[in-house]
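Colleague: Below you will find the structure I want to go over with you.
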Amino acid sequence: MHSVKGKPKLLDKVRLSLRSKRYSKKTEEAYVKWIKEFILFNNKRHPNELDKTHIEKFLTWLTVSRKVSASTQGQALCAIVYLYKNVLEKDFGWLEDVTRATKKPKLPVIFTKEEAKNVITQTSGDIKLICSLLYGGGLRLSEALSLRIKDLDFGYKSLTIRQSKGEKDRTTLLPESIIPELKEKVYKVKLLHEEDLKNGNGRTILPDALDKKYPNASKEFGWQYLFPANKFVYSKEIGFKFRYHIHSSTVQREIKSAIRRAGINKPASAHSFRHSFATHLLSSGYDIRTIQELMGHKSLRTTMIYTHIIENLHGVRSPLD
């Protein structure tokens, strides 16, 4: 989308900037959404005409009227900071004084080993495989859904997670117990891909503009998603239709339903599998730095939260007992 004079509009500039810095599609959508809301809140005035006061009023409105969480408000502020720093290239020193909501630390919701396995048994098909990867490899849901065929290494029993949080690649565990099911899944995806190719389709989207460097790579089987969607989507930007992966909302809904069927009353979610992966490895005696690498944490302090959970739950006996 371009203006009449041929110059990119502000939101297009934001998108181009985020893509040049290799931000994820999810972050791009969120930042553009918040910047658009910020502009609309200020009666469509250009951000160049706004200052700290306008930003604080917007953030206050989000908290008081929209009742968003501190983390959501923080994401909105990050989007605005990005706009001023990287797109408008303005001196944003005054943004440092903007009052933001404080995020209350929350302990992660952890399944017991029995609960995790029980939830998994309440699922089937792709959902069961995805849950097994979340718990067995410590994956985020977005990472599991973004897996390509080439990311599975059955020989080394490992998974390669590409461009995860922080734009880093990492290797984690591929659970040996689900290898037969995964091989069957790969075979089914291969049949589907071959059928798509016969029908003149079979291309997929590639990261980092690799399709320009390797024009035929988008049709290669290794680049296909492990969990392809049932339907095609068409992108005007790239000019062809392709199978994206299963939508995260579908998986989240199924996991929530499985948690209820398992009779678990904790406020658990898909992410609880990842928390449980780290906690259970620690309680089994594995080194915390190894777990840090498997989880893809930049800081060891992030991984340390799981040691606190274990210390709180084990080794201390209730006076009632």
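Coordinate-derived values only; no laboratory data. Everything quoted here is computed from the prediction, not taken from an experiment. Methodologically, a virtual Cβ is constructed for each residue, glycine included, from the backbone with ideal geometry; neighbour enumeration extends over all protein chains shown.
Colleague: In what order do S276, S24, S257 fall by count of nearby beta-carbon atoms within 10 Å, going from fewest to most?
Modeller: S257, S24, S276
Colleague: Return one quarter of the surface area of the convex hull spanned by the alpha-carbon atoms of the chain, equal to its mean projected area, in nm².
Modeller: Over every viewing direction, the Cα hull of the chain projects on average to 21.4 nm².
Colleague: Also, I was wondering about something else. Distance check, please: which entries in K13/K90; K21/K52; K26/K236; K188/K231; K36/K298 exceed 20 angstrom between their Cα atoms?
Modeller: Beyond 20 Å between Cα atoms: K21/K52; K36/K298.
Colleague: Moving on to the next point. Given the -39500 (n - 2.57) contribution per DSSP H run of 4+ residues, what per-residue ellipticity at 222 nm results for the chain, rounded to the nearest 500 deg cm²/dmol?
Modeller: Roughly -15000 deg cm²/dmol at 222 nm, from the helical runs in the chain.
Colleague: Given an 8 Å cut-off on Cα distances and at least 6 residues of separation, report the relative contact order of the range 10-97 as a percent.
Modeller: For the range 10-97, the relative contact order is 33 percent.
Colleague: Which ³J(HN,Hα) values in Hz, rounded to whole numbers, follow from the phi angles of the range 260-267 under the Karplus curve 6.51 cos²θ - 1.76 cosθ + 1.60, where θ = phi - 60° and Gly and Pro get x?
Modeller: Calculated HN-Hα couplings, in order: 5, 5, 6, x, 9, 9, 5, x Hz.
Colleague: Do any of K9/K33; K9/K241; K33/K106 go past 20 Å between their Cα atoms, and which?
Modeller: Correct reply: K9/K241; K33/K106.
Colleague: I'd like to compare 115-126, 36-47, 230-241, 134-145: which one has the highest average count of other Cβ atoms within 10 Å, and what's the full order after that?
Modeller: 134-145, 115-126, 36-47, 230-241
Colleague: How do the peptides 155-161, 28-34 rank, highest first, by the average count of neighbouring beta carbon atoms within 10 Å per residue?
Modeller: Packing order, densest peptide first, comes out as 28-34, 155-161.
Colleague: Something else: Quick one: what are the phi-derived ³J(HN,Hα) couplings along the range 50-57, Karplus 6.51/-1.76/1.60 with θ = phi - 60°, whole Hz, x for glycine and proline?
Modeller: Whole-Hz 3J(HN,Hα) from phi for the range 50-57: 9, 9, 3, 4, 5, 5, 5, 5.
Colleague: While we're here: Report, as a whole number in µm² per second, the diffusion coefficient that Stokes-Einstein gives for the range 10-97 at 20 °C and 1.002 mPa s using the Kirkwood radius over alpha carbon pairs.
Modeller: For the chosen part, D equals 163 µm²/s.
Colleague: With θ set to phi - 60°, apply the Karplus curve 6.51 cos²θ - 1.76 cosθ + 1.60 along the range 281-295 and write out the HN-Hα couplings as whole Hz, x wherever there is a Gly or Pro.
Modeller: Values, residue by residue: 5, 5, 5, 8, x, 6, 5, 5, 6, 5, 5, 4, 5, 5, 7 Hz.
Colleague: Using modelled amide H (1.01 Å from N, peptide plane; none on Pro or chain starts), what sits under 5 Å from the amide H of L226, excluding residues fewer than 5 places away?
Modeller: HN-HN under 5 Å from L226: L147, R148, I149.
Colleague: Relative contact order, percent, of the chain when contacts are C-alpha pairs under 8 Å separated by at least 6 residues?
Modeller: Averaging sequence separation for qualifying contacts and normalising by length gives 17 percent for the chain.
Colleague: Sticking with this structure for a sec: If amide hydrogens are placed 1.01 Å from N in the peptide plane, which non-local residues have theirs closer than 5 Å to the one on S158?
Modeller: D153, L174
Colleague: Now a separate question. If you wrap a convex hull around the alpha carbons of the range 216-302, what volume per residue comes out, as a whole number of Å³?
Modeller: Dividing the Cα hull volume of the range 216-302 by its residue count gives 187 Å³.
Colleague: Given Cα pairs under 8 Å that are at least 6 residues apart, what percent is the relative contact order of the range 173-321?
Modeller: In percent, rounded to a whole number, it is 13.
Colleague: Here's a follow-up. Going 7 Å from the Cα of E237 in the Cα-to-Cβ direction, what parts of the range 17-48 have a backbone nitrogen less than 13 Å from that spot?
Modeller: From the range 17-48, the list is 17-33.
Colleague: Among T303, T171, T63, which one shows the highest mean-square fluctuation when the chain is modelled as a Gaussian network with alpha-carbon springs under 10 Å?
Modeller: Maximum fluctuation in the GNM of the chain, among the listed residues, is at T63.
Colleague: Provide the FRET efficiency to the nearest 0.05 for the K219-R162 pair, computing r from the beta carbons and using R0 = 22 Å.
Modeller: Between K219 and R162 the formula returns 0.70.
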